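Written below as structure tokens is the structure these notes are about.
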Amino acid sequence: MSDRIVESTIVESKTEESKALESTALERTALERTAVYSFDEIPYTKSAEIYRLFAQGKVLNKQRYDDVQGCLVDDDLFTLVFQKITHFTLFFKHMGYELKFDEQGDFYYTQDLRDISNDESDDNAMKIQAVILFIGRYYATIGDLAQLADPMFGLKEVDVDALKQDDMLASSLKALRLENWDKALEYLTSRNLIFRIAKDKYVFSNAAMTFLHRLIDAHTEFVNQD
């Protein structure tokens, strides 16, 4: 009698597992069909622009700086990805990337599915974190960090000049294989982490501010452990 109960339990378990797998397969098929049909709804020029953006190692912020209006405005590419997230998630998956969204910073980025951790990505992350932290440490001595993301304030020419005068920071940049502060700021700008709004004036994106606050929190937690 007990053997029959065990056999019955095993059969039921396998049946439930099969149903779960079948349900997952159906959901995946439905998503893929949705993505295929959505190609007709998305301008190919926008899709190509979004692909190039991520291929260049950039993040896609919810807002971008508009030179004409002189302020931060909603980015239409971000809005498109947000509205068609199923399409772009599967699109980038087929291209070998995982499309990720940072809720705290309101930005999208991609990660290579083949190798989540590699030397190149680690090197890029180190450069980004170090430069952002260098700027944050300096700015904390002269004003409110929140002003870095405000186009009315931001990182001004006088601030860039002050950073350039710090020999220790200059040596640190060279250790990161960044020749000078012009190259360091260009590095962040090329990845949409900061926006150049005038000659030698920059404003942090939400992504950069999120990274900065996380670095500060991590440093504070490390110090408090001692």
- Please verify whether the stretch 110-123 includes one or more residues that are in contact with a Leu (Cβ under 9 Å, 6 or more places away or on another chain) and surrounded by 13 or more Cβ atoms within 10 Å (Cβ to Cβ). yes
- Message: One residue is enough: does the stretch 171-183 have a residue meeting the conditions farther than 27 Å from Phe101 by Cα, assigned to a loop (DSSP other than H, G, I, E, B) and among the charged types (D, E, K, R)?
- Response: yes
- For the stretch 151-170, what are the residues that are surrounded by 13 or more Cβ atoms within 10 Å (Cβ to Cβ) and on the phi < 0 side of the Ramachandran plot? Pro151, Phe153, Leu155, Lys156, Asp159, Val160, Ala162, Leu163, Lys164, Asp166, Leu169, Ala170
- Query: Is it fair to say Leu80 is farther than 30 Å from Leu173 by Cα and at pLDDT 95 or above?
  - Reply: yes
- So Phe153, is it under 21 Å from Val68 (Cα atoms), outside the structural domain of Lys58 (by TED's automatic domain parsing) and more than 21 Å from the chain's Cα centre (by Cα): yes
- Query: On the given criteria, is Asp40 of a type outside the set (Gly, Ala, Ser) and under 25 Å from Lys201 (Cα atoms)?
  - Reply: no
- Of the conditions (1) outside any loop (DSSP other than H, G, I, E, B); (2) within 21 Å of Asp106 (Cα to Cα); (3) modelled with pLDDT of 95 or more, Asn192 fails just one. Which one is it? (1)
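The values are calculated or read from the model by the stated rules, or taken from the named source; none is laboratory data. For clarity, every value in this text was computed on a predicted model and none was experimentally measured. Cβ: placed from backbone, ideal geometry, glycine included. Neighbour counts: every protein chain shown.
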